[in-house]
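This report refers to the structure that appears directly beneath it.
The values are calculated or read from the model by the stated rules, or taken from the named source; none is laboratory data. Quick caveat: nothing in here was measured; it's all calculated off a predicted structure. When we count neighbours, we look across all protein chains shown, and the Cβ atoms used for this are built from the backbone with ideal geometry, even at glycine. What goes into the accessible areas is simple: the full protein's heavy atoms, side chains included, and nothing from ligands, DNA or RNA. Shrake-Rupley method; radii C 1.70, N 1.55, O 1.52, S 1.80 Å.
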Amino acid sequence: MRYLVTGVAGFIGSHIAEYLLPRADELVGIDTFTGNYSRVMKEQNLRKLRQAANFRLIETDLRFADLTDLLTGTDIVLHQAGIPGVRPSWGPGFVDYVEHNVLATQRLLEAARQVGVRRFVYASSSSVYGNAPSYPTSENTIPRPFSPYGVTKLAGEHLCGTYGRNWDVPTVALRYFTVYGPRQRPDMAFHRFIEAALGRTEIQLYGDGEQVRDFTHVDDVVRANLLATEVDLPPATVLNVAGGTRTTVNGVLALLTQIAEEPLQVTRTPEQAGDVSETWATCEQAERLLGWIPSVGLAEGLASQVEWHRQRMDSRPPVRRESARAGSVGAGRSAATTPESNG
Ligand code: NAD
Ligand code: UGA
(Lines give C-alpha, C1' and ligand atoms only; values in the text may rest on other atoms or scores of the structure.)
(Ligands and ions follow the chains in the order given, each with its own letter.)
Protein backbone atom coordinates (compact mmCIF):
# COMPACT_ATOMS: atom_id res chain seq x y z
CA MET A 1 0.00 0.00 0.00
CA ARG A 2 1.38 3.38 -0.99
CA TYR A 3 0.15 6.36 1.03
CA LEU A 4 0.71 10.00 0.22
CA VAL A 5 0.36 12.55 3.05
CA THR A 6 0.43 16.22 2.09
CA GLY A 7 1.40 18.76 4.75
CA VAL A 8 3.47 15.98 6.33
CA ALA A 9 5.76 18.37 8.21
CA GLY A 10 2.80 20.02 9.89
CA PHE A 11 1.07 19.30 13.18
CA ILE A 12 -1.67 16.94 11.99
CA GLY A 13 0.05 15.56 8.88
CA SER A 14 3.10 14.41 10.85
CA HIS A 15 0.92 12.56 13.38
CA ILE A 16 -1.07 10.84 10.63
CA ALA A 17 2.10 9.82 8.82
CA GLU A 18 3.69 8.37 11.98
CA TYR A 19 0.58 6.30 12.61
CA LEU A 20 0.54 5.00 9.06
CA LEU A 21 4.22 4.00 8.97
CA PRO A 22 3.80 0.43 10.24
CA ARG A 23 0.92 -0.13 7.80
CA ALA A 24 2.58 1.30 4.70
CA ASP A 25 4.76 -0.39 2.14
CA GLU A 26 5.65 3.09 1.05
CA LEU A 27 4.76 6.41 2.65
CA VAL A 28 5.42 9.56 0.67
CA GLY A 29 5.19 12.87 2.46
CA ILE A 30 4.88 16.20 0.69
CA ASP A 31 5.56 19.59 2.23
CA THR A 32 6.85 22.92 1.04
CA PHE A 33 7.60 24.36 4.50
CA THR A 34 5.38 27.41 4.28
CA GLY A 35 6.27 30.26 6.63
CA ASN A 36 3.25 30.07 8.97
CA TYR A 37 5.79 28.87 11.56
CA SER A 38 9.43 27.96 11.51
CA ARG A 39 11.12 25.22 9.57
CA VAL A 40 12.91 24.23 12.79
CA MET A 41 9.60 23.15 14.33
CA LYS A 42 8.47 21.41 11.17
CA GLU A 43 11.78 19.52 10.96
CA GLN A 44 11.23 18.38 14.56
CA ASN A 45 7.81 17.08 13.52
CA LEU A 46 9.56 14.98 10.86
CA ARG A 47 12.25 13.56 13.12
CA LYS A 48 10.76 10.08 13.63
CA LEU A 49 9.52 9.83 10.06
CA ARG A 50 12.92 10.57 8.58
CA GLN A 51 14.35 7.53 10.39
CA ALA A 52 11.92 5.12 8.72
CA ALA A 53 13.07 3.16 5.67
CA ASN A 54 9.60 3.21 4.08
CA PHE A 55 9.25 7.03 4.37
CA ARG A 56 10.23 9.50 1.67
CA LEU A 57 9.88 13.27 1.91
CA ILE A 58 9.31 15.22 -1.26
CA GLU A 59 9.81 18.91 -0.66
CA THR A 60 7.57 20.50 -3.22
CA ASP A 61 4.71 22.95 -3.56
CA LEU A 62 1.30 21.53 -4.50
CA ARG A 63 0.54 24.75 -6.34
CA PHE A 64 3.21 24.10 -8.96
CA ALA A 65 4.44 20.47 -8.84
CA ASP A 66 3.67 17.84 -11.47
CA LEU A 67 1.10 16.08 -9.30
CA THR A 68 0.10 13.39 -11.80
CA ASP A 69 3.67 12.21 -11.77
CA LEU A 70 3.78 12.36 -7.94
CA LEU A 71 0.52 10.46 -7.49
CA THR A 72 1.25 7.66 -9.96
CA GLY A 73 1.21 4.38 -8.03
CA THR A 74 -0.46 5.93 -4.98
CA ASP A 75 -3.37 4.09 -3.34
CA ILE A 76 -4.40 6.56 -0.65
CA VAL A 77 -4.08 10.35 -0.47
CA LEU A 78 -4.41 12.13 2.89
CA HIS A 79 -4.51 15.81 2.00
CA GLN A 80 -3.56 17.80 5.10
CA ALA A 81 -1.59 20.64 3.47
CA GLY A 82 -2.99 24.12 3.71
CA ILE A 83 -2.75 27.51 5.37
CA PRO A 84 -4.60 26.86 8.61
CA GLY A 85 -5.05 30.02 10.75
CA VAL A 86 -8.49 31.61 11.13
CA ARG A 87 -7.58 35.09 12.35
CA PRO A 88 -4.81 36.07 9.87
CA SER A 89 -6.98 35.27 6.86
CA TRP A 90 -8.20 38.86 6.38
CA GLY A 91 -6.48 41.37 4.12
CA PRO A 92 -3.78 40.81 1.51
CA GLY A 93 -2.75 37.40 2.92
CA PHE A 94 -6.01 35.96 1.62
CA VAL A 95 -4.40 35.21 -1.73
CA ASP A 96 -2.21 32.62 0.01
CA TYR A 97 -5.30 30.97 1.50
CA VAL A 98 -6.89 30.78 -1.92
CA GLU A 99 -3.79 29.35 -3.55
CA HIS A 100 -2.79 26.84 -0.85
CA ASN A 101 -6.27 25.77 0.24
CA VAL A 102 -8.31 25.96 -2.95
CA LEU A 103 -6.02 25.87 -5.98
CA ALA A 104 -3.66 23.25 -4.50
CA THR A 105 -6.66 21.06 -3.58
CA GLN A 106 -8.09 21.31 -7.09
CA ARG A 107 -4.72 20.38 -8.62
CA LEU A 108 -4.42 17.36 -6.33
CA LEU A 109 -7.97 16.24 -7.10
CA GLU A 110 -7.32 16.55 -10.82
CA ALA A 111 -4.23 14.35 -10.48
CA ALA A 112 -6.20 11.86 -8.33
CA ARG A 113 -8.85 11.69 -11.04
CA GLN A 114 -6.26 10.97 -13.72
CA VAL A 115 -4.31 8.43 -11.71
CA GLY A 116 -7.29 6.74 -10.05
CA VAL A 117 -6.61 6.54 -6.31
CA ARG A 118 -8.53 4.29 -3.88
CA ARG A 119 -9.29 7.03 -1.36
CA PHE A 120 -8.79 10.81 -1.09
CA VAL A 121 -9.16 12.20 2.44
CA TYR A 122 -9.43 15.98 2.75
CA ALA A 123 -8.73 17.90 5.97
CA SER A 124 -11.79 20.11 6.25
CA SER A 125 -12.68 22.31 9.16
CA SER A 126 -15.33 23.30 11.68
CA SER A 127 -14.81 26.81 10.31
CA VAL A 128 -17.12 25.95 7.41
CA TYR A 129 -20.08 26.29 9.80
CA GLY A 130 -19.51 29.85 11.06
CA ASN A 131 -21.94 30.85 13.79
CA ALA A 132 -24.63 28.24 13.26
CA PRO A 133 -28.36 28.87 13.72
CA SER A 134 -28.55 25.91 16.13
CA TYR A 135 -26.22 23.47 17.87
CA PRO A 136 -24.86 20.85 17.72
CA THR A 137 -24.08 21.17 14.02
CA SER A 138 -24.52 18.12 11.82
CA GLU A 139 -23.26 17.62 8.27
CA ASN A 140 -26.74 18.73 7.13
CA THR A 141 -26.39 22.16 8.74
CA ILE A 142 -26.00 24.73 5.96
CA PRO A 143 -22.39 25.94 6.07
CA ARG A 144 -21.96 29.69 6.42
CA PRO A 145 -18.31 30.51 7.14
CA PHE A 146 -17.47 33.48 9.35
CA SER A 147 -13.84 33.90 8.24
CA PRO A 148 -12.10 34.10 4.85
CA TYR A 149 -10.17 30.98 5.93
CA GLY A 150 -13.46 29.14 6.41
CA VAL A 151 -14.54 30.17 2.92
CA THR A 152 -11.42 28.56 1.43
CA LYS A 153 -11.83 25.35 3.47
CA LEU A 154 -15.44 25.10 2.31
CA ALA A 155 -14.35 25.70 -1.29
CA GLY A 156 -11.86 22.83 -0.95
CA GLU A 157 -14.61 20.64 0.45
CA HIS A 158 -16.95 21.52 -2.42
CA LEU A 159 -14.18 20.66 -4.88
CA CYS A 160 -13.93 17.22 -3.25
CA GLY A 161 -17.69 16.94 -3.70
CA THR A 162 -17.62 17.91 -7.37
CA TYR A 163 -14.76 15.52 -8.19
CA GLY A 164 -16.53 12.81 -6.20
CA ARG A 165 -19.92 13.25 -7.86
CA ASN A 166 -18.69 13.82 -11.44
CA TRP A 167 -15.69 11.53 -11.64
CA ASP A 168 -16.16 9.09 -8.76
CA VAL A 169 -12.96 10.25 -7.11
CA PRO A 170 -13.45 8.52 -3.74
CA THR A 171 -13.29 11.65 -1.62
CA VAL A 172 -14.11 12.03 2.04
CA ALA A 173 -13.89 15.40 3.80
CA LEU A 174 -13.30 15.25 7.54
CA ARG A 175 -14.35 18.42 9.36
CA TYR A 176 -11.86 18.70 12.22
CA PHE A 177 -12.82 20.76 15.26
CA THR A 178 -9.96 22.75 16.90
CA VAL A 179 -7.30 20.06 17.14
CA TYR A 180 -4.80 19.97 20.02
CA GLY A 181 -2.12 17.71 21.47
CA PRO A 182 1.67 17.34 21.19
CA ARG A 183 3.23 19.37 18.34
CA GLN A 184 0.23 21.72 18.08
CA ARG A 185 0.93 24.79 15.91
CA PRO A 186 2.49 27.69 17.82
CA ASP A 187 -0.27 30.13 16.84
CA MET A 188 -3.01 28.02 18.45
CA ALA A 189 -4.56 28.65 21.87
CA PHE A 190 -3.37 25.61 23.85
CA HIS A 191 0.19 25.98 22.59
CA ARG A 192 0.30 29.65 23.51
CA PHE A 193 -1.46 29.17 26.85
CA ILE A 194 0.78 26.31 27.98
CA GLU A 195 4.02 28.00 26.92
CA ALA A 196 2.93 31.12 28.78
CA ALA A 197 1.90 29.14 31.88
CA LEU A 198 5.17 27.21 32.07
CA GLY A 199 7.30 30.23 31.16
CA ARG A 200 5.34 32.52 33.52
CA THR A 201 4.53 34.99 30.79
CA GLU A 202 1.29 36.57 29.77
CA ILE A 203 -1.66 34.79 28.20
CA GLN A 204 -3.66 36.85 25.77
CA LEU A 205 -7.33 36.02 26.04
CA TYR A 206 -9.40 37.14 23.08
CA GLY A 207 -12.76 38.54 24.10
CA ASP A 208 -14.41 37.43 27.33
CA GLY A 209 -13.27 33.81 27.06
CA GLU A 210 -16.85 32.55 26.92
CA GLN A 211 -16.43 31.32 23.32
CA VAL A 212 -16.99 27.56 23.11
CA ARG A 213 -14.92 25.00 21.19
CA ASP A 214 -15.43 21.28 20.67
CA PHE A 215 -11.69 20.62 21.15
CA THR A 216 -10.40 17.43 19.51
CA HIS A 217 -7.27 15.52 20.43
CA VAL A 218 -4.95 14.80 17.53
CA ASP A 219 -4.96 11.05 18.29
CA ASP A 220 -8.71 10.99 17.61
CA VAL A 221 -8.17 12.87 14.34
CA VAL A 222 -5.51 10.37 13.30
CA ARG A 223 -7.84 7.44 14.04
CA ALA A 224 -10.65 9.04 12.01
CA ASN A 225 -8.26 9.43 9.07
CA LEU A 226 -7.17 5.83 9.22
CA LEU A 227 -10.77 4.58 9.35
CA ALA A 228 -11.66 6.87 6.45
CA THR A 229 -9.05 5.07 4.36
CA GLU A 230 -10.26 1.59 5.34
CA VAL A 231 -14.05 1.74 5.35
CA ASP A 232 -16.22 1.61 2.23
CA LEU A 233 -17.75 5.08 1.73
CA PRO A 234 -19.63 6.75 -1.13
CA PRO A 235 -17.66 9.45 -3.00
CA ALA A 236 -18.18 13.00 -1.72
CA THR A 237 -18.75 11.93 1.89
CA VAL A 238 -18.47 14.69 4.53
CA LEU A 239 -18.05 13.89 8.23
CA ASN A 240 -17.66 15.85 11.45
CA VAL A 241 -14.65 14.87 13.56
CA ALA A 242 -15.03 16.56 16.94
CA GLY A 243 -13.76 15.73 20.39
CA GLY A 244 -17.04 15.82 22.30
CA THR A 245 -15.45 18.24 24.76
CA ARG A 246 -17.54 21.41 24.33
CA THR A 247 -15.75 23.83 26.68
CA THR A 248 -15.30 27.59 26.95
CA VAL A 249 -11.82 29.07 26.65
CA ASN A 250 -12.23 30.17 30.30
CA GLY A 251 -12.91 26.51 31.14
CA VAL A 252 -9.66 25.53 29.42
CA LEU A 253 -7.72 28.12 31.42
CA ALA A 254 -9.20 26.78 34.68
CA LEU A 255 -8.19 23.24 33.73
CA LEU A 256 -4.73 24.38 32.73
CA THR A 257 -4.20 26.07 36.10
CA GLN A 258 -4.80 22.69 37.78
CA ILE A 259 -2.70 20.64 35.39
CA ALA A 260 0.27 22.98 35.04
CA GLU A 261 0.23 23.86 38.74
CA GLU A 262 1.28 27.35 37.72
CA PRO A 263 -0.67 30.55 38.28
CA LEU A 264 -1.79 32.03 35.00
CA GLN A 265 -1.31 35.66 34.04
CA VAL A 266 -4.22 36.48 31.78
CA THR A 267 -4.69 39.73 29.87
CA ARG A 268 -7.93 40.38 28.04
CA THR A 269 -7.60 41.66 24.48
CA PRO A 270 -10.39 42.42 22.02
CA GLU A 271 -12.42 39.70 20.39
CA GLN A 272 -10.87 38.74 17.03
CA ALA A 273 -12.64 39.08 13.69
CA GLY A 274 -13.46 35.69 12.21
CA ASP A 275 -13.61 33.87 15.58
CA VAL A 276 -16.96 32.15 15.97
CA SER A 277 -18.66 32.15 19.34
CA GLU A 278 -19.27 28.41 19.35
CA THR A 279 -18.34 25.14 17.71
CA TRP A 280 -20.12 22.00 18.81
CA ALA A 281 -20.73 18.99 16.59
CA THR A 282 -22.70 15.84 16.53
CA CYS A 283 -20.52 12.99 15.24
CA GLU A 284 -23.30 10.46 14.74
CA GLN A 285 -22.44 10.15 11.04
CA ALA A 286 -18.79 9.34 11.74
CA GLU A 287 -19.91 6.78 14.30
CA ARG A 288 -22.36 5.21 11.88
CA LEU A 289 -20.10 5.17 8.81
CA LEU A 290 -16.64 4.79 10.32
CA GLY A 291 -17.37 3.27 13.71
CA TRP A 292 -15.47 6.27 15.12
CA ILE A 293 -16.12 8.02 18.39
CA PRO A 294 -13.73 10.40 20.15
CA SER A 295 -11.78 8.72 22.93
CA VAL A 296 -9.56 11.39 24.52
CA GLY A 297 -11.13 13.59 27.20
CA LEU A 298 -10.04 17.19 27.60
CA ALA A 299 -8.25 16.81 30.95
CA GLU A 300 -6.27 13.80 29.75
CA GLY A 301 -5.56 15.38 26.36
CA LEU A 302 -4.49 18.73 27.77
CA ALA A 303 -2.18 16.94 30.21
CA SER A 304 -0.55 15.13 27.27
CA GLN A 305 0.15 18.44 25.59
CA VAL A 306 1.47 20.03 28.79
CA GLU A 307 3.89 17.11 29.14
CA TRP A 308 5.09 17.62 25.56
CA HIS A 309 5.76 21.33 26.23
CA ARG A 310 7.62 20.47 29.47
CA GLN A 311 9.90 18.05 27.62
CA ARG A 312 10.44 20.57 24.88
CA MET A 313 11.39 23.28 27.35
CA ASP A 314 13.77 20.94 29.17
CA SER A 315 15.55 20.13 25.93
CA ARG A 316 16.19 23.77 25.12
CA PRO A 317 19.69 25.19 25.71
CA PRO A 318 20.08 26.35 29.36
CA VAL A 319 20.81 30.00 28.54
CA ARG A 320 17.51 30.45 26.74
CA ARG A 321 15.66 28.47 29.40
CA GLU A 322 17.03 30.67 32.16
CA SER A 323 16.11 33.86 30.39
CA ALA A 324 12.66 32.51 29.62
CA ARG A 325 11.96 31.60 33.22
CA ALA A 326 13.37 34.84 34.58
CA GLY A 327 11.33 36.94 32.16
CA SER A 328 8.87 39.32 33.75
CA VAL A 329 5.32 39.67 32.51
CA GLY A 330 5.15 41.16 29.07
CA ALA A 331 8.91 41.06 28.59
CA GLY A 332 9.30 37.30 28.42
CA ARG A 333 8.97 34.77 25.71
CA SER A 334 5.66 34.13 24.11
CA ALA A 335 4.75 31.63 21.43
CA ALA A 336 4.70 34.51 18.96
CA THR A 337 8.27 35.54 19.72
CA THR A 338 10.18 32.31 20.19
CA PRO A 339 12.90 31.68 17.65
CA GLU A 340 10.79 28.71 16.49
CA SER A 341 8.00 31.02 15.45
CA ASN A 342 8.01 33.22 12.41
CA GLY A 343 5.85 35.63 14.32
P1 NAD B 1 0.21 23.02 9.82
O2 NAD B 1 0.48 24.39 9.34
O3 NAD B 1 0.93 22.53 11.01
O4 NAD B 1 0.42 21.98 8.63
C5 NAD B 1 0.14 22.26 7.28
C6 NAD B 1 1.37 21.93 6.44
O7 NAD B 1 1.04 22.07 5.06
C8 NAD B 1 2.55 22.84 6.70
O9 NAD B 1 3.69 22.09 7.12
C10 NAD B 1 2.81 23.53 5.36
O11 NAD B 1 4.17 23.77 5.11
C12 NAD B 1 2.18 22.57 4.38
N13 NAD B 1 1.71 23.20 3.13
C14 NAD B 1 0.88 24.28 3.03
N15 NAD B 1 0.69 24.60 1.74
C16 NAD B 1 1.38 23.68 1.00
C17 NAD B 1 1.58 23.49 -0.40
N18 NAD B 1 1.05 24.33 -1.31
N19 NAD B 1 2.36 22.46 -0.81
C20 NAD B 1 2.93 21.63 0.09
N21 NAD B 1 2.80 21.78 1.44
C22 NAD B 1 2.03 22.80 1.89
O23 NAD B 1 -1.37 22.95 10.07
P24 NAD B 1 -2.26 21.86 10.84
O25 NAD B 1 -2.80 22.47 12.06
O26 NAD B 1 -1.51 20.57 10.92
O27 NAD B 1 -3.47 21.71 9.80
C28 NAD B 1 -3.45 20.68 8.81
C29 NAD B 1 -4.74 20.77 7.98
O30 NAD B 1 -5.87 20.58 8.82
C31 NAD B 1 -4.95 22.13 7.29
O32 NAD B 1 -5.48 21.88 6.00
C33 NAD B 1 -5.99 22.82 8.16
O34 NAD B 1 -6.77 23.73 7.42
C35 NAD B 1 -6.81 21.64 8.65
N36 NAD B 1 -7.44 21.86 9.95
C37 NAD B 1 -6.69 22.06 11.07
C38 NAD B 1 -7.32 22.21 12.32
C39 NAD B 1 -6.53 22.42 13.58
O40 NAD B 1 -7.17 22.64 14.62
N41 NAD B 1 -5.21 22.36 13.57
C42 NAD B 1 -8.71 22.16 12.39
C43 NAD B 1 -9.45 22.01 11.21
C44 NAD B 1 -8.80 21.82 10.00
C1 UGA C 1 -8.53 26.10 14.99
C2 UGA C 1 -7.40 25.97 13.95
O3 UGA C 1 -6.40 26.93 14.18
C4 UGA C 1 -7.89 26.10 12.53
O5 UGA C 1 -6.83 25.69 11.67
C6 UGA C 1 -9.05 25.20 12.34
O7 UGA C 1 -9.55 25.22 11.05
C8 UGA C 1 -10.16 25.50 13.34
O9 UGA C 1 -9.62 25.28 14.65
C10 UGA C 1 -11.32 24.55 13.17
O11 UGA C 1 -11.81 23.97 14.13
O12 UGA C 1 -11.76 24.40 12.05
P13 UGA C 1 -9.44 28.03 16.48
O14 UGA C 1 -10.71 27.40 16.93
O15 UGA C 1 -9.40 29.51 16.35
O16 UGA C 1 -8.98 27.46 15.07
O17 UGA C 1 -8.31 27.47 17.44
P18 UGA C 1 -7.32 28.18 18.47
O19 UGA C 1 -6.34 29.05 17.79
O20 UGA C 1 -6.77 27.09 19.31
O21 UGA C 1 -8.29 29.13 19.33
C22 UGA C 1 -9.27 28.61 20.20
C23 UGA C 1 -9.93 29.77 20.93
O24 UGA C 1 -8.98 30.39 21.79
C25 UGA C 1 -10.46 30.85 20.01
O26 UGA C 1 -11.72 31.25 20.46
C27 UGA C 1 -9.49 32.00 20.16
O28 UGA C 1 -10.11 33.25 20.08
C29 UGA C 1 -8.93 31.78 21.55
N30 UGA C 1 -7.52 32.23 21.67
C31 UGA C 1 -6.59 31.79 20.82
C32 UGA C 1 -7.20 33.13 22.67
O33 UGA C 1 -8.05 33.58 23.45
N34 UGA C 1 -5.90 33.52 22.79
C35 UGA C 1 -4.92 33.07 21.95
O36 UGA C 1 -3.73 33.46 22.11
C37 UGA C 1 -5.27 32.16 20.95
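Ligands, DNA and RNA left out, the 1.4 Å accessible surface of segment 166-265 is 47% carbon and sulfur atoms. Across segment 19-83, the convex hull enclosing all Cα atoms gives 96 Å³ per residue. Taking every protein chain into account, the accessible area of the chain amounts to 42 square angstrom per residue (probe 1.4 Å). Beta bridges from DSSP with both residues in the chain: antiparallel share about 5 percent, rounded to the nearest 5. Against the chain, whose longest principal axis comes from its Cα atoms, helix 148-167 is set at around 20 degrees. Quantify how much of the Cα-Cα distance distribution of the chain extends past 31 Å, in percent. Percentage above 31 Å: 30.
Helix 218-230 and the long axis of the chain differ in direction by around 10°, with both axes built from C-alpha atoms. Once you order the gyration tensor axes a ≥ b ≥ c over the Cα atoms, which shape class does segment 205-297 get: rounded for a/c under 1.5, otherwise prolate or oblate by comparing a/b with b/c? Taking the square roots of the gyration eigenvalues as a ≥ b ≥ c, segment 205-297 is prolate.
Between T257 and F64, the FRET efficiency from the beta-carbon distance, with R0 = 41 Å, is close to 0.30. Of the GluC sites (Glu not before Pro) found in segment 194-263, those in coil by DSSP whose Cβ has at most 15 other Cβ atoms within 10 Å are E210, E261.
Take each peptide in 93-99, 106-112, 237-243, count the other Cβ atoms within 10 Å of every residue, and average; sorted highest first, the result is 237-243, 106-112, 93-99.
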